[in-house]
Structures are given as C-alpha cells and as structure tokens.
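The values are calculated or read from the model by the stated rules, or taken from the named source; none is laboratory data. Only a predicted model underlies this, so the values are computations on that prediction, with no experimental measurement involved. Positions of Cβ are backbone-derived with ideal geometry, glycine not excepted, and every protein chain shown enters the neighbour counts. For accessibility, only protein heavy atoms count, side chains too; no ligands or nucleic acids. Shrake-Rupley method; radii C 1.70, N 1.55, O 1.52, S 1.80 Å.
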Amino acid sequence: MRHKTGTPPAERPPRLPPETDGAAPWLFLLPSLTAVSVLVLLPFLDAVRRSFLSAAGGRFVGLDNYRAVLENQAFRLAAWNTLRFTAVCIPLLLAFSLLLALLVGAVRERRGIFKTSFLLPMAIPVASIVLLWKAVFHENGLFNSLLRLIGLPEQNWLDSGWTFGVLVFTYLWKNAGYDMVLWLSGLSGIPPALYESAALDGAGAAQRFFRITLPGLRPTLFTAAVLSLLNSFKVFREAYLIAGGYPHRSIYMLQHLFNNWFLQLDTDKLCAGAVLLALAAAGAAALLQGLLGRGDRP
Amino acid sequence: MVLSALAALVWAPLWLLLSGSLMGAEEAARSLGPVLGTAEGAAVWPLLPLYPTLGPWVELLLDSPAFFAMFWNSCGQVFPVVAGQVLLGAPAAWALARFRFRGRRLVYTLYVLLMLLPFQVTMVSSYLVLDTLGLTNTVWAIILPGAASTFPVFLMVRFFAAIPAALTEAAALDGAGPLQTFLHVGLPLGAPGILSAVVLGFLEYWNALEQPLAFLKDKALWPLSLYLPAVTAENAGRTLAASAAALIPPLLIFLFGQKYLEAGIAASGLKD
C-alpha cells in the first residue's frame, strides 16, 4: 500500500522510497503489541497510578506514599544496599570481563574452550548451586577450611557483613562471560588498520591500548553497563535461595523488601517504591548515556 | 596461565556437583552434615566420592514423584514461554526491523524501556491484571507475561535488520506479499537471531524465581528452581542428584546452542 495523497499521480513525481508501508507492519506488530500492552505496559501504568492512592479504599493521597516510603527505615537500608551493590559490582564486572576478553582475544589456540568456560555459569541454574554455595561458604564450610590451612581468619560468610562479598562474587561468576562476549564483539569492531598505523608510528602497547582500544570500546561500554545493570537485579535469585526472604542486613536489597511488602499486601508503599526504582534505573541509564553515549557520533 | 586458573574456577562447581551427586546418602550426610547443622567439624566435599554409587540417581529417578512433578512443571512453563516469545516476537521484530511506518521509533523505544524494568516494579499490578483475567495460580500466569517479554523482540530486530535489503526487494519483485516475504526470506535468514532468543530465553526462564514466587500460591505448580533449597542431612544425597539433574537441560541447550548464545549476546550489545 502506498501513502495516498489526493493529487493525481501524473502531477507529482513518484515518491521513492515510500514514506510508509501502510497497514502491513501493524498487522505484524499486533499480537506482540496487544500482549505487551496488557501484560507489561498496563501493569506499569497501573503501578504509577496506585503509587498516588491509599492501599485501603483507593483514595488519592498525593505524595504521601512516597513520603512514607522515603522515611521507611527498611526502604532506606534496602535502597542503600542496592545502590552499594550496583556501584561495586558493575565497575568490577566491566573491568574484570574486559580483562578476560583481552586475555581470551590474545590466545590463538583453544580460544573456544575459554569462551565456553566463562559462559558456562550462565547455564548453571541458580537452584543447582545453592547447596554447593552453602558447603563452600558456610561457617563450617570448605572456604573456611582453606583459610585455616593458609592461616587467615575464618568468617561466617553467609551471615555477616561478608555475605555482601559472597553475593558480589556470585554476580561476577555468573555474568563475566556475558560481558566478555560483548567486549569481544566490540574489540572485533575496531579496524586492525588503526593498530598497524599506530605501530608504524612507534606507539607502544600501552599507548595503543589507551589511544585506540579504549576509545574504540566506548559504545560497547554503554550497552555493557546498561545490560549489566539489568542483570544485577537478578542476583536476588541467588540471594533469596541461599539466605531466604530475610537475609543478613548487608544484602537486604530492594528486591527482598518489595517481595516482603508484596506478601504483606503493602501495595501503596510497594508501588511508590517501585516507581522510585524505575526512575532510578532510567536515571542511571540516562546518566550512562550522557557519560558514555557521546562517543557514538564523532 | 591466568586464564586456565580462572577457567578451572568456573569448572570446579560443575565438577563438584556431578561428583557430589554420586556420593551415597550416608557419605553425603557425613560430608555435608557440618553445614546442615547435624554434625560438628568442617564440611568436606571430596573431589571424587570415596564410595561412588548411582544410588542417589536411582532414588531420584525412581522414587521421587515430587522431583518429577517439578521437573515437568519447569518444562511446562519454560517451553511455552520460549515458543510464545518467538510467535509474538518474531513478527513484531520483523515489522520493527524492515518496515517504515509512523510510530516505529516510538514502539521500539517503548519496548526497550519496558525491557529494562525490573520485575519488582510491576509485581503488584501484574498480579492484579492476571487476577482480573483469572490467571493467578495457573501456569498461564508465568507463560503469558514471559511470552510478552520485550527482550527477545529487541534481540531479533538486530538480526532481521542485518538481512540485505536486496533479498526482500527481490522477493517483492517476484510478487511476494509482506507475509510471504517474512515467511520465505525473513524466517530462514533470521533463524540465527531466533535461535539466539530461544537459547537466552530458555536459560533465563529455567531460572525463573520471582514470577512463580509471586504468582503461584499452589506449591504443586512450582518449578524446579524453587524445589531444591529444602535440603536436610537425610536428603542431601538426593538433593545433590537433583541439583545435577536440574543442570542437564540448560547444559544441553548451552552446549548445542553456544554459537547462538554468543551471537545473541553480541547482538544485544550493538548500538542502534
């Protein structure tokens, strides 16, 4: 179908390419758009609406829910923990996976085995590692035995401030492979000619890394950071299965809090908190875009 | 060297799980008792079981109806989710990748934003919508929202957009309509993208935890991801076998689909 204007075709040159493809794309989109609207978009808009209503009776209460949430001690703790986890994990993951990608990219043979190895944790279900993690990180577990062997102090890794560290480790273990593949694809997008001419100009390895590799990876950095942020919320699975709904306070995160509010039917607080979380996530993405996205268009 | 050491760190859990699942019930209880609160001293996890036995596997496969029920629950939720993602997502991705129309940019941006929403943001409202539709506490409460996830659409758009325009134009010149072009050019050439979405979707939903926890009250409907944590010294051997068994489907998908997994990850990182 062509875009119809009232004018006879003879008076105007045929427009190429056509402005729109008519109804066909909407027919392709229809099933998905319907499902997404009902099951994703509508619930989100409803959550925004409910954040301004009282849980009982549904009266409009303005910003009261937001005030209650921001004054809530549990929310403050959970928000702080989530922020701290994100701020520690994402830079650590990005740096570590970049190192992996550079190392894996440098080996010629058996590159496939290393890629498989580092992607493997993605395939290991959360539920399968629960018992193993307990055996390793419990007070009487394997890791403490190892520490005792080399003379370092033992810790209760699953129920102390150190639990945070265990969760960080788990997140890195699970996600390093994903980010490594992102980096590898970013590295392959840098034209080799750049390195060759730099080598001719006498640039050393360090100079080539800082002048060519890092700037060339800038667009990858943005998407890797956003996808890592997205995946960081899923660490709740590990945390929940290993430590339950009320873990040590160092890893009590927004996901725990929201889950508990959900079970207690605190819908007003939950919706206000959820909107704040969505805003924070969007804000973080926009901030990353501002910091890193400009490298896209020279 | 460094790489080999790191790779070993990754393989170790897998090895321990498989070897652990061959420990007899007694050995498992003795080795892991200290971390399960039934024994003093330190836990041990032998690199190879002292008395390897298939006992736990036999017990799991022949004498654990609960495990089987949850294993099938998982399958009955994951496969429909992934199939739904392809059925809904592939045509939508085709439209977003290959057509020009008003609102294309808007729909695409909306999909990306919704993809970034953490599950917990819409938990209550999703529950209420599903409840209105009469779907809570049924498998559809997991399947339908999963199928409507926008991440696979986002992924497939990248693959469909990379198909050379000359091919679709040639099909159009041969008189193929939009639907025929999609079925005969888009689907075959976009197959790697679809498979990428399938592999990533499978690995994601095999681990689904938030959704069943919130939407399924009836524990008889729970998937395997919620079965394993209830472990005691008595059932440690069987739980180890169950942990290893739960690993098999995603591991197979991973080993056969690694190429597509990598392609999918790389595509998720492309800039627009």
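Estimated at the nearest 10 Å², the accessible area of B:L116 is 40 Å² with a 1.4 Å probe.
Using a Gaussian network model of chain B with C-alpha springs under 10 Å, which one of B:L226, B:L189, B:L54 is most mobile by mean-square fluctuation? Comparing B:L226, B:L189, B:L54 in a Gaussian network model of chain B, the most mobile one is B:L54. What a 1.4 Å probe finds exposed on chain A is 66% carbon and sulfur by accessible area, rounded to a whole percent. Considering only B:Q77, B:Q180, B:Q211, the Gaussian network model of chain B with Cα springs below 10 Å gives its largest mean-square fluctuation to B:Q180. Could you check which residue among A:A79, A:A224, A:A127 shows the biggest mean-square fluctuation in a GNM of chain A with a 10 Å Cα cutoff? So, out of A:A79, A:A224, A:A127, the one fluctuating most is A:A127.
Over the range A:110-229, the fraction of Cα-Cα pairs per 5 Å bin, rounded to whole percents and listed from the shortest bin up, is 2, 9, 13, 14, 13, 13, 11, 9, 8, 5, 2, 0.
Convex hull of alpha carbon positions in the range A:92-132: directionally averaged projected area 3.6 nm².
Between A:A199 and A:D159, the distance separating the two model label sites (each 7 Å from Cα on the Cα→Cβ line) works out to 5.8 nm. How many percent of the alpha carbon pairs in the protein assembly as shown exceed a separation of 29 Å? Distances greater than 29 Å cover 59 percent of the Cα pairs.
Along chain A, counting only GluC sites (Glu not before Pro) with a DSSP assignment other than H, G, I, E or B and at most 13 other Cβ atoms inside a 10 Å radius, the longest segment between sites is A:110-298. Span-like helix check, chain B: qualifying full DSSP H segments, with Cα axial length of 30 Å or more and mean Kyte-Doolittle of 0.0 or more, are B:65-98, B:236-268. Comparing the full protein assembly with the isolated chain (1.4 Å probe, heavy atoms, ligands and nucleic acids excluded), the residues of the range B:80-113 losing at least 50 square angstrom of accessible area are B:L88, B:F99, B:R100, B:F101, B:R102, B:Y111. Within chain B, the longest run free of GluC sites (Glu not before Pro) that sit in a DSSP loop with at most 16 other Cβ atoms within 10 Å is B:41-233.
For the range B:191-223, there are no residues whose amide N sits under 13 Å from a probe point set 7 Å from the Cα of B:A170 along the beta carbon direction.
From helices alone, chain A scores -20500 deg cm²/dmol at 222 nm; the rule is -39500 (n - 2.57) for each run of n ≥ 4 DSSP H residues, then divide by the residue total. The lysine pair tally for the protein assembly as shown, using Cα distances under 30 Å and a gap of 8 or more places or different chains, is 22. Available extension along the chain between A:R249 and A:Q264 is 3.5 nm, counting 0.36 nm per residue and deducting the alpha carbon span. Placing a pseudo-label 7 Å from each Cα along the Cα-to-Cβ vector at B:A220 and A:L83 gives an inter-label distance of 4.7 nm. The accessible-area ordering, largest first, of the residues B:R158, A:R67, A:R211 stands as A:R211, A:R67, B:R158, per a 1.4 angstrom probe. Counting only protein heavy atoms and a 1.4 Å probe, the protein assembly as shown has 46 square angstrom of accessible area per residue.
The sum of -39500 (n - 2.57) across all DSSP H runs of n ≥ 4, divided by the residue count of chain B, sets its helix-only mean residue ellipticity at 222 nm to -22500 deg cm²/dmol. Surface calculation, 1.4 Å probe, protein heavy atoms: A:H138 sits at approximately 50 Å² accessible. Before we go on, tell me the buried accessible area for the A/B pair, both chains summed, 1.4 Å probe, in Å² to the nearest 100. When A and B are taken together, about 8000 Å² of accessible area is lost.
Using a simple spin-label model with pseudo-atoms 7 Å out from Cα toward Cβ, B:A8 and A:L99 lie 1.8 nm apart. Among the residues of the range A:25-53, those with an accessible-area drop of 50 Å² or more from chain alone to full protein complex, heavy atoms and 1.4 Å probe, are A:P25, A:W26, A:F28, A:L29, A:S32, A:V36, A:L39, A:V40, A:P43, A:F44.
Computed on the Cα trace of chain A, the radius of gyration divided by the Kirkwood hydrodynamic radius gives Rg/Rh = 1.08.
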